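Structure record follows, encoded as structure tokens.
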Amino acid sequence: MKALYWFPASFLLWISIFLPAKAQDSLAIAREMYSMGMELFDFTTRKQARDMFVQATEFNPKFARAHLMAGKATLLTVNKEEALPYLLTAYKLEPQIDEEILFLIGQAYQYGEQFDDAITYYQAYRRQLARSLSFDKSRKIYDLDWKIFECRNAKIYLANPVDVDIINLSDNINTEYPEYAPLITADEKKLIFTSRRPDNTNPNLAEDFEYYEDVYVSEFANGQWQPATPFGSPINGDYHNSDIGLSADGRTIYLYTDENGGDIVQSVLEDGKWSTPKPLKGLVNTPYLENSATITSDGRTIYFTSNKPGGYGGTDIYVAQLDENGRWGKPVNLGETINTERDEEAPFISHSGQHLYFSSNGHAGMGDLDIYVASRTGSVSAFARPVNLGYPINSVENDVFFVLSGDEKSAYYSSVKSTSKGEQDIYKINMERWRPINIDSLAANEVITIAEVAKIAAEESQPAPATSPGSLTEVEISLLLTILDAQSLDTLEAAVALINQENQTVLGGTRNEQGAYEVTFTNKDYVTYKVKINKEGYFPYESMVHVIGHERRKNVLHETVALQPIKDAYTGIMNVYFGHNSARPNTYEDIDYLEFLLKNNPGMTVEIGGYTDNTGPVEYNKLLSQRRADAIKDHLVAKGINASRIKAVGYGVENPIGDNNTRVGRRLNRRTEFKILQH
């Protein structure tokens, strides 16, 4: 890989020397740069790939795919808003260049804090998904609604900033390289953090062409932080080394190791020397991921994150207590008040033990990870509903690793801001004037729930009414549907229904002389309708129609729908999600969809395949995936489907569709598929 990296660098030198004589070859050079970028493009070499794609756009400004990939790669870096001009250019040059181009543009606008524009593009992509025949569209729509939810939250937070002072720490701490995971002693005399900079203990580059992680320390003296220096052995070793927690007195440091699936180890300062890091005693570490921790000031209680079975999804926060033998007892999940189906990261318990700070992308945030605080209400596992720390502490980027001084007047955390010296930098916050912003109590509280996002998104995507909503009169609207075979494009006869989502009234469609199906209804206020089209031998079609009266909609709505024929060997991913270590589905929408397919196609037989990521023992994952596939089969049999028509197979870690070395990839691999064996 290093040879691949350095070859483009020498290639750039060749270009700079011979460009005047080779200007006519700029298109060929752009293609070569693009090809190199594609070879480099993954989660570990994204910055190098971005450089290649950007160079390709400069040599050929009309190279739409190079603009697209420059935008995609930029969205994987820290300055994500810089993706916008590339994505807009790609869309202008070739509107159909990527099925997710509207979503990507929305992301770039969101990271640029242009939230209204982001919502506009997210809404457009949502409408596109609603018309899609993709089997996994329902989960995509949910994720898209969450992005709109984040944008609406961000607008509220930006309009109601918290009263804090945030300063970038000096050049003695921050550099052009990433600095993150700050730890502070209670007296604010010692700062420990992780960085990927050249002056570390391993001069070689890691596989992503960045310097290895090392742990650094700085002392506060003479009114300023002294130049940070890397720890020596045994804190820093040959490869990645990262701090995750610190005792209040600064004499015990907690570190992360990727051994055993990802464990927490500790080192103790004894006679001026740090001991060799050893795994925590007791029940905290498992074969799954444990990647951050915080200890109460008395050293008796630990809060940590894990993705082990039994959680709510992603990484959850757990608490464990030290027993009389000096071992950590059985961990307790903090429950659904704190944990979500997404990720909770980097917990920090205040010196008083009464406030738990953590980062999450599953609560009402601005985008990526936001920092929250929850107040303790009783036992060490009982906390009130978390409160977002607000803007400008939080941003649309990842805001994480929040820690407090002993008096809770000062905080330190890592973030990406306009004042950053490089990538992630460490910032200090004066918390003395901070007061929580309760998003529920603000004037815009009608947009705070994710359940309302779809309705509001559809409403705001229409032109403003000429009159107030209360003056709208009831009008007649006709929906004209032309139904085609997706392959032959021949018109089809099918069953058409329009379902009012408020009162579940069902309206049938009639076929007119032109072969189109017409559904006529009257409407005054905002209503969402579900369009359902069914024909034996074809996949069912569903879409949503949002109408808000005559001033916002034409009297006649036209839609062309292409039904996809059912074929043997078709495989689709089902949006069926399970809790960790659970074989009980959390959602049934796609199971009901498969039930509909089987009941309307009596000759169809299918295989249900269960898959997991590679976290945990292989044999355990195999059995778990089989239990999940069996659970779906059992549900369908209970609905009246003959068991002989369904084959349930647990594949475990086989056939991954994502990279198990990344959180996104592991999530993709935890899936359920159905395959049509015969129809």
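The values are calculated or read from the model by the stated rules, or taken from the named source; none is laboratory data. Predicted, not measured: the structure shown is a model, and the values here were computed from it. Cβ coordinates were reconstructed from backbone atoms using ideal geometry, including for glycine residues, and neighbour counts include every protein chain displayed.
With the requirement that a residue be polar (S, T, N, Q), within 24 Å of Arg342 (Cα to Cα) and assigned to a helix (DSSP H, G or I), what does the stretch 627-679 give you?
If the condition is that a residue be polar (S, T, N, Q), within 24 Å of Arg342 (Cα to Cα) and assigned to a helix (DSSP H, G or I), then Asn669 is the only one that fits.
Tell me which residues, restricted to the stretch 421-447, are under 27 Å from Ser292 (Cα atoms), under 23 Å from the mean Cα position of the chain (by Cα) and modelled with pLDDT under 85.
Glu423
For the stretch 94-131, which residues satisfy the criterion of being closer than 23 Å to Leu40 by Cβ and either of a type outside the set (D, E, K, R) or in contact (Cβ under 8 Å) with a residue 60 or more places away in the chain (or both)?
Hits for the stretch 94-131 are Ile97, Ile101, Leu104, Gln107, Ala108, Tyr111.
Can you give me the ranges of the strands (runs of 3 or more DSSP E) entirely in the stretch 205-283 with at least 1 residues that are free of Cβ contacts under 8 Å to residues at least 40 places away in the same chain and within 29 Å of Ser170 (Cα to Cα)?
Fully inside the stretch 205-283 and qualifying: 214-221, 252-257, 263-270.
All but one of (1) in contact (Cβ under 8 Å) with a residue 12 or more places away in the chain; (2) more than 27 Å from Glu176 (Cβ to Cβ) hold for Tyr391, so report the exception by its number.
(2)
Given Thr77, Thr120, Thr89, which one is on the phi < 0 side of the Ramachandran plot, in contact with a Lys or Arg (Cβ under 8 Å, 6 or more places away or on another chain) and polar (S, T, N, Q)?
Working: Thr120 fails: in contact with a Lys or Arg (Cβ under 8 Å, 6 or more places away or on another chain); Thr89 fails: in contact with a Lys or Arg (Cβ under 8 Å, 6 or more places away or on another chain).
Answer to the selection: Thr77.
Would you check if Ile548 is at pLDDT 65 or above and buried (at least 17 other Cβ atoms within 10 Å of the Cβ)?
no
Examine the stretch 650-667 for a residue that is in contact (Cβ under 8 Å) with a residue 12 or more places away in the chain and within 26 Å of Asn534 (Cβ to Cβ), and state whether such a residue exists.
no
Can you give me the number of residues within the stretch 218-233 that are surrounded by 15 or more Cβ atoms within 10 Å (Cβ to Cβ) and within 17 Å of Pro277 (Cα to Cα)?
2
Suppose we keep only residues that are assigned to a strand (DSSP E or B) and without any contact (Cβ under 8 Å) to a residue 24 or more places away in the chain within the stretch 475-509. Which one would you say is nearest to Lys567 (Cα to Cα)?
The selected residue is Gly508.
Of the residues that make up the stretch 64-79, is at least one modelled with pLDDT of 90 or more, closer than 28 Å to Glu207 by Cβ, part of a helix (DSSP H, G or I) and among the polar types (S, T, N, Q)? Talk me through it step by step, then tell me what you get.
Applying the first criterion (modelled with pLDDT of 90 or more) to the stretch 64-79 yields 64-75.
The next check asks that each one be closer than 28 Å to Glu207 by Cβ; those that pass are 65-75.
Pick out the ones that are also part of a helix (DSSP H, G or I) and you get 65-74.
When the remaining residues are screened for being among the polar types (S, T, N, Q), the result is 74.
Yes: one or more hits.
Per-residue answers, yes or no, for (1) within 24 Å of Ala346 (Cβ to Cβ); (2) in the same structural domain as Asp368 (by TED's automatic domain parsing):
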| residue | (1), (2) |
| --- | --- |
| Ile141 | no, no |
| Asp171 | no, yes |
| Thr175 | yes, yes |
| Leu183 | yes, yes |
| Ala186 | yes, yes |
| Asn202 | no, yes |
| Ser218 | yes, yes |
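Spot the failing condition for Ile456; the list is (1) modelled with pLDDT of 75 or more; (2) not assigned by TED's automatic domain parsing to the domain that holds Ile533, and only one is missed.
With (1) modelled with pLDDT of 75 or more; (2) not assigned by TED's automatic domain parsing to the domain that holds Ile533 applied to Ile456, the lone miss is (1).
Can you tell me how many residues within the stretch 148-188 are closer than 21 Å to Pro198 by Cα and in a loop (DSSP other than H, G, I, E, B)?
10
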